[in-house]
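Bear in mind these aren't lab numbers, they're just calculated from the coordinates by the rules spelled out. Just so it is clear, the structure is predicted and the values come from calculations on it, not from any experiment. Reconstructed Cβ throughout: ideal geometry from the backbone, glycine too, with neighbour counts over all protein chains shown.
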Amino acid sequence: MSREKNLAKNTAILAIGQLSSKIFTFLLLPVYTSLLSPDDFGTIDALQTVISLALYFVTLQIENAVFRFIIENRTNKENQISYVTSAGVVLLAMAGTSTIVIGVINSLYMIPYVILVTLSLWTQSLYLFVSNLARGLGKNTDYSITSFVVTVSSLIINIVLIVGLKIGAVAILVALAFSNLIGFCWLFLRLHIWQLIKFSTVNKMKIKEMLRYSLPLIPNAISWWIANTSDRLIIICFLGTAFNGIYAAANKIPTIYTTIFTVFNTAWTESVSLAINDSDRDTYINSMLNSGFKLFSFINMGIIVCVSVSFKWLIGEQYTEAYNHIFILLVAIFINSMCSLFGGVLGGLKNTKVIGWTTVVGAIVNAVINFSLIQSIGLYAASVSTLVSYLIIYIFRFSAVKKIVQIRISKKYLLQCGAMLLLVAGGYFYRKMIINSVVLIVLIVWGVYQNKSILIPLLSSIKSKVIHE
């Protein structure tokens with residue numbers, strides 16, 4: 001199977017698990033908002049935010065190293081056992097250390113639901129470990145199914161505990177801990193992971209090798225965490241919670257694009273890691289980067305037009321101020337997705353230091369612009385700072401990748417894309433249904449033509465399967 005077909009296959013497999021998972025996650029939102037008090041929900045949300053930050057330190061991002069080193073040792077069982085066992089020892093050591101740290105912090109400052117917080121950290125760490133191992137081994141179907149199982153488990157536990165037993169917001173933490181435990185057990189048994197554990201194979205050199213790869217990813221992850229949460233904290237401090245509500249509403253639309261892109265990017269990181277040592281890697285990477293740029297610029301602009309047409313149904317007129325910010329944030333999230341594509345190449349090259357420092361620079365730029373402009377231009381400081389910070393990361397990563405891989409982006413397409421974005425922006429801000437309908441038709445014709453090399457083989461494949469069935 002060609003690399004392109006394998007990438008398409010993996011994308012389709014991952015889409016089933018991840019997109020269905022997102023749908024179930026959206027289904028829980030009405031349950032939370034109708035049955036939980038804002039204070040309770042806010043407390044649990046804050047704890048989840050802290051847990052997501054603590055995970056980077058508990059895992060040391062070792063799960064990403066497991067994925068990267070297992071993927072290049074798929075035919076070497078001896079190395080697989082050594083890498084998995086060595087990484088597992090690191091994870092267990094960090095789990096023990098984190099438990100002690102949590103105990104000390106709890107003795108000084110009472111942590112709400114401390115046992116559930118600790119359990120959530122443990123189970124999420126274990127699940128991240130085995131799910132990345134599954135991807136490294138090429139078991140994407142199992143990875144996708146497990147993602148679905150975890151989400152459905154969380155959905156069921158939440159409904160039973162919140163709707164049925166009415167135990168309140170703490171149910172979210174219970175579901176988080178036990179759904180991840182279910183996912184870990186499922187994959188552990190499914191992949192016979194015990195066969196990859198042999199403590200006599202623990203290797204200090206392999207541990208150092210993996211940590212050299214994973215440790216630079218910690219500041220990268222923290223910087224993304226800061227970039228994604230600092231906006232809201234600054235808005236609350238300077239403008240108040242009402243403005244934060246508007247910004248939160250504006251951010252809901254870009255998550256649609258992010259969900260679609262994440263499916264492709266998960267498959268892309270595997271594909272580029274497998275191709276990184278091929279003689280024609282530059283040709284392949286250049287081709288896929290250009291295809292990704294064309295496809296996701298089309299999808300992004302399509303979402304922009306659709307938002308303009310359906311804003312009052314999607315968001316509501318009471319959030320009218322969010323309208324302009326949605327456009328800025330959608331453009332920003334597209335640039336961010338291109339940063340992720342370059343990040344996949346850098347990860348394949350094991351150059352995680354560049355991934356780390358570029359994200360740190362972006363986070364600093366985001367914070368500086370926010371603090372500098374929020375009192376003069378208000379909420380626009382948040383959306384503009386997000387756009388500029390992503391653009392800075394893109395420029396640095398593009399330059400870094402171009403030094404190693406020959407990248408050629410069509411200037412003709414860039415001009416066409418820029419012209420189309422201006423047309424889409426004109427329709428978006430003019431806000432007339434007839435104009436946006438015409439813009440959408442023009443966009444679809446242009447987008448289908450630009451992506452025919454992707455769409456025609458895909459449609460032919462679907463047609464072939466239907467005929468044979």
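Label positions at VAL152 and VAL438, each projected 7 Å from the Cα along the C-beta direction, are separated by 4.9 nm. With a/c under 1.5 counting as rounded, go ahead and sort region 334-469 into rounded, prolate or oblate using the C-alpha gyration tensor (a ≥ b ≥ c being the square roots of the eigenvalues; past the cut-off, prolate if a/b is larger than b/c, else oblate). Since a/c reaches 1.5 but b/c is at least a/b, the shape of region 334-469 is classed as oblate.
For the peptides 382-390, 98-106, residues were scored by their other Cβ atoms within 10 Å and the scores averaged per peptide; the highest-first order is 382-390, 98-106. May I ask you to derive the FRET efficiency for SER52 and VAL448 from their Cβ-Cβ distance with R0 = 60 Å, giving the value to the nearest 0.05? My answer for the efficiency is 0.95. For the peptides 410-416, 152-158, residues were scored by their other Cβ atoms within 10 Å and the scores averaged per peptide; the highest-first order is 152-158, 410-416.
Using the rule -39500 (n - 2.57) for each DSSP H run of four or more residues, divided by the residues of the chain, the 222 nm mean residue ellipticity is -29000 deg cm²/dmol.
Look at the alpha carbon pairs under 8 Å that are at least 6 residues apart: their mean separation over the length of region 216-469 gives a relative contact order of 31 percent.
Counting other Cβ atoms within 10 Å as a rough exposure proxy, the listed residues SER437, SER125 run SER437, SER125 from fewest neighbours to most. Fewest neighbouring Cβ atoms within 10 Å first, the residues HIS192, HIS325 line up as HIS192, HIS325. Projected label points at SER107 and LEU189, each 7 Å from Cα along the beta carbon direction, are separated by 3.9 nanometres. Pairs of Cα atoms nearer than 8 Å and 6+ residues apart set the relative contact order; for the chain it is 19 percent.
Which shape class, rounded, prolate or oblate, goes with region 275-410 when its Cα gyration tensor gives a ≥ b ≥ c as root eigenvalues, a/c under 1.5 marks rounded, and past that a/b bigger than b/c marks prolate?
The shape class here is oblate.
Gain on full extension, evaluated as 0.36 nm per residue between ASP40 and THR241 minus their Cα-Cα distance, stands at 70.7 nm. Computed extension length for PHE199-THR75: 42.6 nm, one decimal, from 0.36 nm per residue of separation with the Cα-Cα distance subtracted.
Indicate the gyration tensor shape class of region 219-286 (rounded, prolate or oblate), computed on the Cα atoms with a ≥ b ≥ c the square roots of the eigenvalues: a/c under 1.5 is rounded; otherwise a/b larger than b/c is prolate and the rest oblate.
prolate
Near ALA65, within a Cβ-to-Cβ distance under 13 Å, what is the net charge of the other residues, with Lys and Arg +1 and Asp and Glu -1? It works out to a net charge of +3.
The label-point distance for LYS411 and ARG431, in a model that sets each label 7 Å from Cα toward Cβ, rounds to 3.9 nm.
If R0 is 51 Å, the Cβ-Cβ spacing of LYS350 and THR320 corresponds to a FRET efficiency of close to 0.60.
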